[in-house]
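Student: Structure below; questions to follow.
The values are calculated or read from the model by the stated rules, or taken from the named source; none is laboratory data. Fair warning: this is a prediction, and the values are worked out from it, not measured in the lab. With ligands, DNA and RNA removed, areas are computed over all heavy atoms of the protein, side chains included. Shrake-Rupley method; radii C 1.70, N 1.55, O 1.52, S 1.80 Å.
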Amino acid sequence: MKRIKYVYFYFLFLLYLIVGFFGDVPLINKRIYENLYNYMGLMLIPTLLFFILYGFVFMIPNKKRRFFWELRLYYLYVISFIVVYIFILSNLGINFKTVSTFEINTDFIRKLINKSLFEYKIGYLPTYILYEFINLSLRFKQFPFHYFYYALYGLGFFIFLLIVFGPFIRTINRSREKRRIERKRAGMNSVLIEQFEMQEKLGKGEKMSTVKSERKTSYPQKKNKKAKAETEAKVEEKIARSGIVFKNTVTIKDE
């Protein structure tokens with residue numbers, strides 16, 4: 001409940017900032033928005049979406065599920081920058097065909113800054129990050145520029161795989177855990193049936209040695225769904241007849 005209350009304040013603060021962009025509100029100077037636009041440019045759009053969606057992710061009560069979707073949100077935010085960078089480089093004539101023979105020079109740096117700041121208006125900060133990324137090939141001259149270009153594509157493809165196949169892997173792990181619990185439950189049911197029948201036979205006056213010998217050859221494990229359902233029904237019936245009451249336990253985890 002505390003988390004949900006904080007989210008309400010978080011959304012109210014975002015709404016206050018958005019309203020301040022279109023009109024005059026107390027405590028907010030218009031120059032703040034001018035500075036934000038200068039530094040982030042059109043990348044303010046994915047940044048604003050990131051913060052809005054982060055509020056919804058923060059409302060998820062389950063800690064593991066919240067962390068799962070929080071990671072996907074960060075992945076999407078990073079991949080939006082990578083797509084913009086690849087788009088700008090492609091408009092500067094850099095692609096898989098030309099990158100192997102491409103050489104960085106002063107004219108290219110000038111065109112890069114002009115394209116980023118004045119034509120596509122991605123802001124100072126994203127432009128600076130792209131500029132530093134390209135400068136890596138100048139600082140580490142033993143690695144040509146096309147290595148870093150391929151690394152940019154590789155990073156984007158890797159994040160895309162995490163976004164797409166992450167939920168698929170999560171579903172596989174859930175199904176495995178479900179099968180493991182079902183196998184454990186089936187084993188417990190078979191043990192309960194054996195114990196009930198042993199108790200019945202001992203109550204009828206049969207010897208322990210005879211009961212143990214019969215136990216070794218009885219109740220083979222059946223793995224079809226019909227057999228499992230019959231076994232569970234049999235266990236429930238015997239538990240009802242014997243009058244056994246199972247107590248529920250509750251485990252409280254601090255988030």
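Student: Percent of accessible area on the range 15-72 owned by carbon and sulfur, 1.4 Å probe?
Tutor: Values: 3120 of 4260 Å².
Summing carbon and sulfur atoms, their accessible area is 73 percent of the total for the range 15-72.
Student: Work out how much length R31 to Y147 would gain on full extension: take 0.36 nm times their residue separation and subtract the Cα-Cα distance, in nm to one decimal. Provide the component values of the computation, followed by the final result.
Tutor: Numbers: separation 116, 0.36 × 116 = 41.76 nm, distance 4.05 nm.
Result for the pair: 37.7 nm of gain on full extension.
Student: Continuing with the same structure: Assuming 0.36 nm per residue, please report the length gained on full extension of the stretch I52 to R183 beyond their Cα-Cα distance.
Tutor: Numbers: separation 131, 0.36 × 131 = 47.16 nm, distance 4.28 nm.
Length difference between fully extended and current span is 42.9 nm.
Student: Also, I was wondering about something else. Given 0.36 nm per residue, what is the gain on full extension from E119 to I104 after removing their alpha carbon distance, in nm?
Tutor: Length gained between E119 and I104: 3.4 nm.
Student: Please give the per residue accessible area of the range 21-131, computed with a probe of 1.4 Å over protein heavy atoms only, in Å². Working shown, then result.
Tutor: Working: 7300 Å² over 111 residues.
Heavy-atom SASA per residue in the range 21-131 reads 66 Å².
Student: Too long at a 32 Å Cα-Cα cut-off: which of K30/K64; K64/K184; K64/K121; K63/K121; K30/K63? Mind showing how you got there, number by number?
Tutor: Working: K30/K64 40 Å; K64/K184 24 Å; K64/K121 38 Å; K63/K121 38 Å; K30/K63 38 Å.
The pairs that break the limit, which is 32 Å between Cα atoms, are K30/K64; K64/K121; K63/K121; K30/K63.
Student: Note down the Stokes-Einstein diffusion coefficient of the range 60-117 in µm²/s, whole number, using a Kirkwood radius over alpha carbon pairs, 20 °C, and 1.002 mPa s. Walk me through the numbers on the way to the answer.
Tutor: On the way: Rh = 14.0 Å.
Taking Rh from Cα pairs, D becomes 153 µm²/s.
Student: A further question on this structure: Please list T47, T171, T98 from largest to smallest accessible area, probe radius 1.4 Å, with all protein chains kept in place.
Tutor: Numbers: T47 20, T171 85, T98 55 Å².
Greatest to least solvent exposure: T171, T98, T47.
Student: Per-residue accessible area for I163 at 1.4 Å probe radius, Å² rounded to 10?
Tutor: Rounded to the nearest 10, the figure is 40 Å².
Student: Ignoring ligands, DNA and RNA, please state the percent of accessible area on the range 75-150 from carbon and sulfur, probe 1.4 Å. Please report the intermediate quantities before stating the final value.
Tutor: On the way: 2910 of 4530 Å².
Accessible surface attributable to carbon and sulfur in the range 75-150 totals 64 percent.
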